[in-house]
Structure formats: C-alpha cells, structure tokens
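Please read the structure below before turning to the comments.
The values are calculated or read from the model by the stated rules, or taken from the named source; none is laboratory data. Not measured: the values here are computed from a predicted model. Ideal geometry is used to build each Cβ from the backbone, glycine not excepted, and the neighbour counts take in all protein chains shown. Just the protein is used for accessible areas: all its heavy atoms, side chains included, with ligands, DNA and RNA removed. Shrake-Rupley method; radii C 1.70, N 1.55, O 1.52, S 1.80 Å.
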Amino acid sequence: MEQEQKVVDPYRFLPPGLAAWVRSFIGEEDYKGQIPWTPLKKPLSQCTVSMITSAGISLKSDPPFDMEREKREPLWGDRSYRVIPRGTTSQDIDVNHLHINTNWIKQDINVMLPMQRMEEFEKEGVIGRLSTSCYSFYGFQWQSTEFLDTAISPMAEKMGREGVDAVLLFPA
Amino acid sequence: MVLNPIWTFHRIVGIPRTAAIEHPFGRPVGQIHDREGQRKVLLKVFEVLEGAKGPGEVWHLPFTWPEEPKKTDWQPPEMSPLIRYYLDQIKEARRKEAEKQEKSS
C-alpha cells in the first residue's frame, strides 16, 4: 500500500517501553558531525552494487553467529561477518539473531537480503551488476570499535577488490 | 545507503543516505514471497541512491505495512539478553514519558 508524502513513524513497531527507551538516547536534534559522502559516479545501470545486512545470516556450510556467548554476556555481540555469495537462496541459509524473529528470513531471504530481486534487476539492466559477494554481520554491536577491524574493514576491502560502486545496507 | 525503519538513528550516527520505511524489523524489503511488493520497495531505494544530493538526506518511502504492529510477529521468541539487562531502564523511560505526557495534557 502506498501513500503520498508519508512521514515514517520510526517507532510504530516497537512496544511502548522500548520505544521510549530508544527515544531517550536518540533525542530530537539533527546530527552535528561530518557525514561521509561519496557521489554516485555513474548511472545505476552501469554500477556494481553490493548488499550488507545485519541480520545474522550465514550459509549452512559456515559456522553460525555466536548466540551462546551473548546469552552469557548481554552487552557482547558476535564481531565476525559472513560472505553471502550472489545466487544464495533461502534454502542455503541459516539465521541467528536474538533480537528479531528469524523465521521470516529463513522462509524468504529477499525480505532482508533481496538476492533474487537484485539478480532480476541486473538481468533487466536496472543495475549494472550485483557483486559476486554480499555480506552479513551480526547487528547487535554495543559500543564496539573492535568490530570495525574484525568485520567492516575486511568487507570494505573485498568490495574494493570486486569493483563495487554502491552498497545497500539492510539493518535487521 | 540504508533502508531502515528507525531512520532517527541518523541523528546520532550521521548516515549518508537513508530510505526510511515503515516495515517491521527483520522484513524491511517487504512480505515473504511478495515479489512485486519487494521490487516496488527496491525501485524506491534506487531512486534515493540516485537522487540524494548530499550527505544526511532522509527520504520517506510511501509504503504502509498491511498488519497492525502487534500482529507482525517480528519479535524473537524469548526476550533478548540486552532487553532483559536493561529492563529497569526501559520501564523507567516509559514511566518518564508517561509522566511528561500527563503534565503536558
């Protein structure tokens, strides 16, 4: 269903207590710091596009994200990442995440990491190509700078080697 | 660029391009097996990617989830360790907001 000039209610799906807590640390003021900016250098139809999700998706052939340690240490989140190759389907994946219902993603990967949809757009020439590798990490990272070294840098380096022009991030 | 329900996170981290979407957590692109709906969302995401003119832009996508929030079943089967850990803070935040609303009404 579509509406014209909609303003998204960011807290619509949160229970009232959780919404109040999130609002208490977000506040009302706009961000004051420097925001990185890379202009799109060519039309999307010529771009190599990659995707990342924080949903804790892994291939069944890979080790799952570590939920057990988080259960013991509630402020710790798994700081690794997984490569999800293009062509991956719902049948190929496992999903481990303690903050969402993972069953929907297991039924259809496209609701979180729209692999088949992007392959369609590639065939139709809407995007240049979908990158060879897409990625998943574990979205719960509570004040972790170590995560930048263990996941973000290696993902960015691999994207650079694969000639990625634009990245879509799908937070869980 | 980011497709995110809680677009207000932009206020604390500064995100280059945000497509805000009113979809439940864990299904930002749409409903399962809804190929056409998922495509519509992604085509709007592409519009943001190509159309944003500078850092920090937030575009609100024109989609509304067809179910009431309580029926979306997006939450995990058990309370997450983080929520359990901060439960007192969460209750306190709720109490303070309710108090503030009461005063202003």
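Details
- Relative frequency of Cα-Cα separations exceeding 17 Å in chain B, percent: 66
- Rounded accessible area of B:K91 (nearest 10 Å², 1.4 Å probe): 130
- In terms of Cα atoms, the Rg and Dmax of region A:97-172 work out to 14.2, 41 Å.
- Treating r as the C-beta distance of A:E29 and A:A156 and R0 as 25 Å, the FRET efficiency rounds to 0.30.
- For A:G77, distant residues with modelled amide H under 5 Å away: A:W142
- Mean projected area in nm² (Cα convex hull; one quarter of hull surface) for region A:50-101: 4.0
- Reduction of at least 10 Å² in accessible surface, 1.4 Å probe, comparing all protein chains with the chain by itself, residues of region A:41-77: A:L44, A:E70, A:K71, A:P74, A:L75
- Candidates B:H23, B:H33, B:H60: whichever shows maximal mean-square fluctuation once chain B is modelled as a Gaussian network with Cα springs under 10 Å: B:H33
- Per residue, region A:1-109 exposes 52 Å² of solvent-accessible protein surface, assessed with a 1.4 angstrom probe and all protein chains in place.
- Full extension of the segment from A:R69 to A:K41, taken as 0.36 nm per residue of separation minus the current Cα-Cα distance, would add 5.8 nm.
- B:D73 paired with B:E47, simple spin-label distance in nm, labels 7 Å along Cα-to-beta-carbon: 3.2
- Residues whose placed amide H lies under 5 Å from that of A:L168, excluding near-sequence neighbours: A:S50, A:M51, A:I52
- Neighbour cut-off at most 11 other Cβ (10 Å), DSSP loop, trypsin sites (Lys or Arg not before Pro), region A:52-83: A:K60
- Whole-Hz couplings from phi, Karplus 6.51/-1.76/1.60, listed for region A:45-50; x for Gly and Pro: 5, 10, 8, 8, 10, 10
- Accessible surface for A:T132 stands near 70 Å², nearest 10, in the context of the full protein assembly shown (1.4 Å probe).
- Above 22 Å, the calculated P(r) of region A:31-128 contains 45 percent of its Cα-Cα pairs.
- Apportionment of accessible area to carbon and sulfur, region A:32-157, percent (1.4 Å): 51
- When GluC sites (Glu not before Pro) are flagged only if DSSP places them in a loop and at most 10 other Cβ atoms lie within 10 Å, the longest unflagged stretch of chain A comes out as A:30-123.
- Kirkwood Rh and Cα Rg combined as Rg/Rh, the protein assembly as shown: 0.95
- Every Cα-Cα pair of region A:129-172 was included, and the share exceeding 18 Å stands at 32 percent.
- For chain A: relative contact order, % (alpha-carbon pairs under 8 angstrom, 6 or more apart): 34
- Computing FRET efficiency as 1/(1 + (r/R0)^6) for B:T64 and A:E124, where r is the C-beta to C-beta distance and R0 is 22 Å, gives about 0.25.
- Overall, the accessible surface of chain B at a probe of 1.4 angstrom is composed of carbon and sulfur to the extent of 51 percent.
- Between the amide H of A:I93 and those of A:K60, distances stay under 5 Å, these residues lying 5 or more places away or on another chain, with hydrogens modeled in the peptide plane.
- Chain pair B, A: total accessible area buried, heavy atoms, 1.4 Å probe, Å²: 6400
- Chymotrypsin sites (Phe, Trp or Tyr not before Pro), loop per DSSP, at most 14 other Cβ atoms within 10 Å - longest free stretch of chain A: A:38-141
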